[in-house]
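Below you'll find the structure, written out as structure tokens, and then a few comments.
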Amino acid sequence: MDGRFAALEDLMKKMIDDKQKLASSETIGVHGRGGNPNPSGGRENPEVEVLEGDDGMPPLEPLSREELSRRYDRREAEYVGRREEFYRRGAGFERIQRRGADFEGERADFNRRGADFERIQRRGADFEGRREEIHRRGAEFEGIRRRVNTVLGLEESKECVIVGTIYKHMKLKPCILDEYSKERTAVPLVKPHNFLHPDDQLILEDEIGRVKLRGSLLNPTDFVTGIGLALHGMKTIEGDFLVQDFLEAGFPPQTKLPRLGEDKYVVFVSGLNVGSNIFNPLQFQLFVDHVTGHLGGENEQKMTSQIVRVVIAGNSVIIPQSVLNGQALTPEDQTKLTEPIKEVDILLTQLAAAVPLDIMPGPTDPANSFLPQQPLHRCLFPGASAYNTFFSCTNPHQFELDGFQFLGTSGQNIDDLDKYSSAQTKLEFVERTLRWRHLAPTAPNTLGCYPFTEKDPFFIESCPNVYFVGNQDKYETALLQGPEEQKVRLVCIPRFSESGVAVMLNLRDLNCHALNFSADLDA
């Protein structure tokens, strides 16, 4: 055994000696230091002929080491100056801990590593925080102290206050049983954009009973199933409840609005729809180049250097429906399935390399369809997820930047309200959810959600400073003032693939404006 080690030791010494000899011969050779057969000491290569240009310029002279060093130092100084000039401001980021948890859930059983989403308000369920607030406010109408009754405790022609959940009986509401109706051929199954009908009725129910509501004060087109209300009125001879006044939960309390001494911008975009026929790669590349500071003049680059976060609010990818047919995928179908995701990853990698980025799932993204939607898996974005500035978030999404609270969705809650109620603008639906203190009052009645059992996760406990909704038809915004000096910026983010519009919000004064990107060469 000792002989083997001795032989191995001799072999290693020989290899080291040979390596040293080879290095010495390369370092100091017959051609000078470095072994260059044609150093810059004035020797010419006979095989190379230096020609003068047409303008009579002399041949290029080799630069000395001192001159090269000075030029490198000058170029480095210029680069550092440009880098300091385009210094990107930062902002303190924090995911909101709601009731000790965030919006994220486990993949299998949804036992959250913390999401505050724990239950959807169901018909006849308890109101929790909303019920306490409505009881407190509903006990006093017009300054007169009134007794809060239950539905079964109503007395005829006696004024009182009742508190409960609104149920909206709709004649045109889709029903799964209609698919199996024997007479479905006689009555065609249509899918209108809005299911309102003049004969719709409102019903209020609490833990032990329900009563039909009457009166012109409550317009059924303004309400949906799942809203908590306090009603003042009396029971009629027919057994209905005549509403004389009503009270909503109102704006939730808000923390004091922080103040900033400089401009800081948050950029919102949604509805990229990569993989669809309407997606324009050049259009979104213009957006990426603008955010990363590669487009625009000095003023534009100064503004883009103040962007502290980019939020993508859902519908980044569209998977062709022809691929999702439940059958085995061919190699061609696999390419159709993966190419849109790869393209999104390439674009997001450019953004994540320059600015913190949040991406939320939407109804067309490869995520669970029920609310709350869990974050898109990081393996879908191998390039972007390599950066610590890339955040895959839930839908709804709540976070905090420099003390400003943000709350937003990818638009499913507002789109569902548009089907079962009416308003002049989508922004009015957004305002109603804030007054009702509920992000998705129609879930799970008409909007899919996970069946939580203990608490209402969509209950808005604290009023956000910025409330945004993605994937809308057009850009809309408004600044709301609450009765207790709440200040909320509402933003409807249009689909980028259709409009080419992103939204830029200034944290200093909560003002926002649209960024329009057009790649139409015919325009």
Residue in region 194-206 that is aromatic (Phe, Trp, Tyr), within 29 Å of the chain's Cα centre (by Cα), within 29 Å of Lys419 (Cβ to Cβ) and surrounded by fewer than 20 Cβ atoms within 10 Å (Cβ to Cβ) present: yes
Residue identified as modelled with pLDDT under 95, of a type in the set (S, T, N, Q), over 18 Å from the mean Cα position of the chain (by Cα) and crowded, with 22+ Cβ neighbours inside 10 Å among Thr446, Thr453, Thr442: Thr442
Count - residues of region 485-523 that are in contact with a Cys (Cβ under 9 Å, 6 or more places away or on another chain), open to solvent by 30 Å² or more (accessible area, probe 1.4 Å) and either at pLDDT 95 or above or within 18 Å of His290 (Cα to Cα) (or both): 0
Residue count, region 347-361 (criterion: open to solvent by 10 Å² or more (accessible area, probe 1.4 Å), farther than 25 Å from Pro464 by Cβ and not β-branched (Val, Ile, Thr)): 4
Thr185 vs. criteria at negative phi, out of contact with any Cys (no Cβ under 6 Å at 6 or more places or on another chain) and modelled with pLDDT of 90 or more: no
Number of the exception - Ser497 against (1) part of a helix (DSSP H, G or I); (2) in contact with a helix residue (DSSP H, G or I) (Cβ under 6 Å, 6 or more places away or on another chain); (3) of a type in the set (Gly, Ala, Ser): (2)
Entirely in region 222-312, the strands (runs of 3 or more DSSP E) that have 2 or more residues that are open to solvent by 10 Å² or more (accessible area, probe 1.4 Å): 228-235, 241-247
Residues that are under 14 Å from Gly411 (Cα atoms) and in a strand (DSSP E or B), drawn from region 450-488: Tyr467, Phe468, Val469, Gly470, Asn471, Gln472, Glu476
Matching residues in region 409-423 - criterion: being farther than 26 Å from Val267 by Cβ, in contact with a helix residue (DSSP H, G or I) (Cβ under 8 Å, 6 or more places away or on another chain) and surrounded by fewer than 23 Cβ atoms within 10 Å (Cβ to Cβ): Ser422, Ala423
Search result, residues across region 390-419 that are in contact with a strand residue (DSSP E or B) (Cβ under 7 Å, 6 or more places away or on another chain) and assigned to a helix (DSSP H, G or I): Gln412, Ile414
Pair list, Cβ < 8 Å and 6+ apart or interchain, from region 362-386 residues that are surrounded by fewer than 23 Cβ atoms within 10 Å (Cβ to Cβ) to residues that are of a type in the set (Val, Ile, Thr) and at pLDDT below 90: Thr364/Ile318; Thr364/Ile319; Pro366/Ile319
Inter-residue pairs, beta-carbon under 6 Å, first open to solvent by less than 10 Å² (accessible area, probe 1.4 Å) and in region 150-177, second modelled with pLDDT of 90 or more and in a loop (DSSP other than H, G, I, E, B), 6+ apart: Ile166/Phe223; Ile166/Ile227; Lys168/Val224; Lys168/Thr225
Selection status of Gly209, over 30 Å from Asn511 (Cα atoms), touching a helix residue (DSSP H, G or I) at 6+ places or on another chain (Cβ under 6 Å) and of a type outside the set (A, V, I, L, M): yes
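Would you confirm, using the coordinates I've provided, whether Asn315 is assigned to a helix (DSSP H, G or I) and of a type outside the set (A, V, I, L, M, F, W, C)?
Spelling it out, it is not the case that Asn315 is assigned to a helix (DSSP H, G or I) and of a type outside the set (A, V, I, L, M, F, W, C).
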Long-range neighbours under 6 Å by Cβ, at least six apart or interchain, first residue touching a residue at least 12 places away in the same chain (Cβ under 8 Å) and closer than 17 Å to Leu257 by Cβ within region 461-482, second open to solvent by 10 Å² or more (accessible area, probe 1.4 Å) and aliphatic (A, V, I, L, M): Ala478/Leu427
Matching entry among Asp345, Asp358 (being charged (D, E, K, R) and part of a helix (DSSP H, G or I)): Asp345
Residues that are more than 18 Å from Ile203 (Cβ to Cβ) and of a type in the set (Val, Ile, Thr), drawn from region 238-278: Thr255, Val266, Val267, Val269, Val274, Ile278
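For region 472-484, what are the residues that are polar (S, T, N, Q) and open to solvent by less than 70 Å² (accessible area, probe 1.4 Å)?
Those that are polar (S, T, N, Q) and open to solvent by less than 70 Å² (accessible area, probe 1.4 Å): Gln472, Thr477.
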Candidates Phe406, Phe390, Phe399 - the one that is in contact with a helix residue (DSSP H, G or I) (Cβ under 8 Å, 6 or more places away or on another chain), open to solvent by less than 10 Å² (accessible area, probe 1.4 Å) and of a type outside the set (Asp, Glu): Phe390
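The values are calculated or read from the model by the stated rules, or taken from the named source; none is laboratory data. Given the structure is predicted, the values throughout are model-derived calculations rather than measurements. Positions of Cβ are generated from backbone atoms using ideal geometry, with glycine treated the same way; all protein chains shown enter the neighbour counts. Keep in mind that these areas ignore ligands, DNA and RNA; they rest on the heavy atoms of the full protein, side chains included. Shrake-Rupley method; radii C 1.70, N 1.55, O 1.52, S 1.80 Å.
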